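Novice: Below is the structure I would like to discuss, written out as structure tokens.
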Amino acid sequence: MVDNNLLFQYLLRLGDDQQILSQRLSEWCGHAPTLEEDLALANIALDLLGQARSLYTYAGEVEGAGRDEDQLAFLRYENEYTNALIVERPNGDFAHTITRQLFYSVYMDLHWNALLSSKDETVRAIAAKAVKEVDYHVRHAAEWVIRLGQGTEESHQRMVEALEEFAIYTGELFEMDDLAQQMFKAGVGVDLTLLRPEWEQQIAAVLGEAGLRMPEVNWMQTGGRSGEHTEHLGHLLCELQYMQRAYPGMTW
Amino acid sequence: MVSAMAEVRSLDHEAIRRQVWEAAAAVPDPEIPVVTVADLGILREVRVEPDGTPVALVTPTYSGCPATRMIEEEVLAAIQLAGFPQARVETVLSPPWTTDWLSAEGREKLRAYGIAPPQTGSNSKRALFGKTSVACPHCGSAETERVSEFGSTPCKALYRCLSCREPFDYFKCL
Ligand SMILES: [Zn+2]
């Protein structure tokens, strides 16, 4: 029997990762380098938002306190979000955004695939939809990383800098804290440490083709899973939550 | 006597199910109105509850497809208009929607509308990774190239024909 409170926390965590990255990617709307990229990043953001909605809706049902997806998405405080720090980092330049997309999409592709054998039927159903969407995200990011890595001296240099910046945020994605352990034991979640070798291999393959390599990292930044965030999340939430805070209960 | 009654009731329910299906199936997709929700495979099933309440099951294409809510509302309105005010529409996520569920008729309607229909066998990585060629919906040429895998709606990709030089949408595999 799965503890409902733990399952609730677990679903929120998964939902927060998707929602916060969705919000970040939406910031590119109208600012991307080309029209096609504007559409691509907005579409990826939309996929992530849809996945977050499914997770929040289910989280609300599990919690049983009458909170719906909107209340969970818009009416929590900063320390109640447990997304990984990598998704709340500012977008930076296009190379930064694409680097994060590669790191994160490959991670979620492996994660959703592993969740296809979750004992929780709804988690399985959400994963089965998401995994097909994330395939497109992985390919989009990988193609750009190769293009930028092999592009001009400047695009290559920007990729090097972006890899430096985001590498220290990748360790947190595979952390097995108490909640992750318990959900793994209950058969709902997965052992994230098992995904890491495959992740490293796939990232190395793309970077190799791009003429880039993963920087050496001997220290990983962490904190998001316990609600300790960078200064950037608060600003993101101000914009994200504005309408619900200004007009409580507002609907379309 | 009892079994005869049950038979009558189940026949009634079958008639309801069929009428509700026909009403729901005719609802056009809000983004590509030449195809219906039945053509797209979004309308999964119609069930009739023991008390006679019809329930239509619909499934979203992409997790974040903004048309999902509108489709649900329009399907419900169509069923109610057909004489079933108590009907409900429910969303199901599993099994996940795939472009393989597009009907042959739906594919032809897409092509005639100028959207290249998806390759079949979309669950295979080969189709997903764009290794198959997409024929131009305008001139039929197989000499086409992908511009972007993301287009004006979640289900479309942007292509260009190298023969007639026309750009076109491709209903991409999922
Ligand atoms: Zn053509």
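Novice: So which residues in the range A:102-131 are among the charged types (D, E, K, R) and within 13 Å of another protein chain (Cβ to nearest Cβ), if there are any at all?
Specialist: Of everything in the range A:102-131, those that are among the charged types (D, E, K, R) and within 13 Å of another protein chain (Cβ to nearest Cβ) turn out to be A:D109, A:D120, A:E121, A:R124, A:K129.
Novice: Any residue at all in the range B:30-40 that's at pLDDT 95 or above, part of a strand (DSSP E or B), open to solvent by less than 40 Å² (accessible area, probe 1.4 Å) and not assigned by TED's automatic domain parsing to the domain that holds B:A112?
Specialist: yes
Novice: Considering every residue within the range A:70-84, establish whether at least one is among the β-branched types (V, I, T), modelled with pLDDT of 95 or more and open to solvent by less than 10 Å² (accessible area, probe 1.4 Å). Walk me through how you get there before you give the answer.
Specialist: First, the residues of the range A:70-84 that are among the β-branched types (V, I, T): A:82.
After this cut, where a residue has to be modelled with pLDDT of 95 or more as well, the list is A:82.
Pick out the ones that are also open to solvent by less than 10 Å² (accessible area, probe 1.4 Å) and you get none.
No - not one qualifying residue is present in the range A:70-84.
Novice: Among the residues of the range A:5-18, is any at pLDDT below 95 and surrounded by fewer than 16 Cβ atoms within 10 Å (Cβ to Cβ)?
Specialist: The initial filter retains those residues of the range A:5-18 that are at pLDDT below 95, namely none.
Checking the range A:5-18: not a single residue is at pLDDT below 95 and surrounded by fewer than 16 Cβ atoms within 10 Å (Cβ to Cβ).
Novice: Which residues, counting only those in the range B:85-123, are among the aliphatic types (A, V, I, L, M) and closer than 10 Å to B:F171 by Cβ?
Specialist: Result: B:L102, B:L110, B:I115, B:A116.
Novice: What pairs can you find where one residue is in the range A:225-244 and open to solvent by 30 Å² or more (accessible area, probe 1.4 Å), the other is in a helix (DSSP H, G or I), and their Cβ atoms are less than 7 Å apart, with a gap of 6+ or different chains?
Specialist: Pairs that qualify, where the first residue is open to solvent by 30 Å² or more (accessible area, probe 1.4 Å) and the partner is in a helix (DSSP H, G or I), are A:H229/A:E78; A:H229/A:L85; A:H229/A:E88; A:H232/A:E88.
Novice: Could you tell me which numbered condition A:A52 fails, if it satisfies all but one of (1) away from chain B (no Cβ under 13 Å); (2) more than 21 Å from A:A162 (Cα to Cα)?
Specialist: It is condition (1) that A:A52 fails.
Novice: Can you pull out every residue in the range B:99-114 that is under 19 Å from B:S133 (Cα atoms), within 14 Å of another protein chain (Cβ to nearest Cβ) and out of contact with any strand residue (DSSP E or B) (no Cβ under 8 Å at 6 or more places or on another chain)?
Specialist: Across the range B:99-114, the qualifying residue is only B:D100.
Novice: When A:R225 is evaluated against the numbered criteria (1) farther than 18 Å from A:I86 by Cβ; (2) assigned to a helix (DSSP H, G or I); (3) of a type in the set (D, E, K, R), which criterion, by number, is the only one it fails?
Specialist: A:R225 satisfies every listed condition except (1).
Novice: Report yes if some residue within the range A:41-48 is of a type in the set (V, I, T), crowded, with 20+ Cβ neighbours inside 10 Å and more than 9 Å from every other protein chain (Cβ to nearest Cβ); otherwise report no.
Specialist: Taking every residue of the range A:41-48 in turn, none turns out to be of a type in the set (V, I, T), crowded, with 20+ Cβ neighbours inside 10 Å and more than 9 Å from every other protein chain (Cβ to nearest Cβ).
Novice: Among the candidates B:P154, B:P167, B:P137, B:P117, which residue alone is facing chain A (nearest Cβ under 9 Å) and either within 16 Å of the ligand (Cβ to nearest atom) or at pLDDT below 95 (or both)?
Specialist: Testing whether each residue is facing chain A (nearest Cβ under 9 Å) and either within 16 Å of the ligand (Cβ to nearest atom) or at pLDDT below 95 (or both) leaves just B:P154.
Novice: Related question: May I ask you to verify whether B:E90 is modelled with pLDDT of 95 or more, open to solvent by 40 Å² or more (accessible area, probe 1.4 Å) and within 22 Å of A:A130 (Cβ to Cβ)?
Specialist: Against the criterion (modelled with pLDDT of 95 or more, open to solvent by 40 Å² or more (accessible area, probe 1.4 Å) and within 22 Å of A:A130 (Cβ to Cβ)), B:E90 qualifies.
Novice: Follow-up. Right, A:L212: closer than 27 Å to A:I146 by Cα, touching a residue at least 60 places away in the same chain (Cβ under 8 Å) and either part of a loop (DSSP other than H, G, I, E, B) or hydroxyl-bearing (S, T, Y) (or both) or not?
Specialist: So A:L212 passes the test.
Novice: Could you please tell me which pairs satisfy a Cβ distance under 8 Å, a separation of 6+ or placement on different chains, a first residue in the range B:123-144 that is of a type in the set (K, R), and a second residue that is at pLDDT below 50 and within 16 Å of the ligand (Cβ to nearest atom)?
Specialist: Final answer for the pair search is none.
The values are calculated or read from the model by the stated rules, or taken from the named source; none is laboratory data. None of these values were measured; they are calculated from a predicted model. Here Cβ is always computed from backbone atoms with ideal geometry, including for glycine, and neighbour counts include all displayed protein chains. Quick note on the areas: whole protein, heavy atoms, side chains included, nothing else; ligands and nucleic acids left out. Shrake-Rupley method; radii C 1.70, N 1.55, O 1.52, S 1.80 Å.
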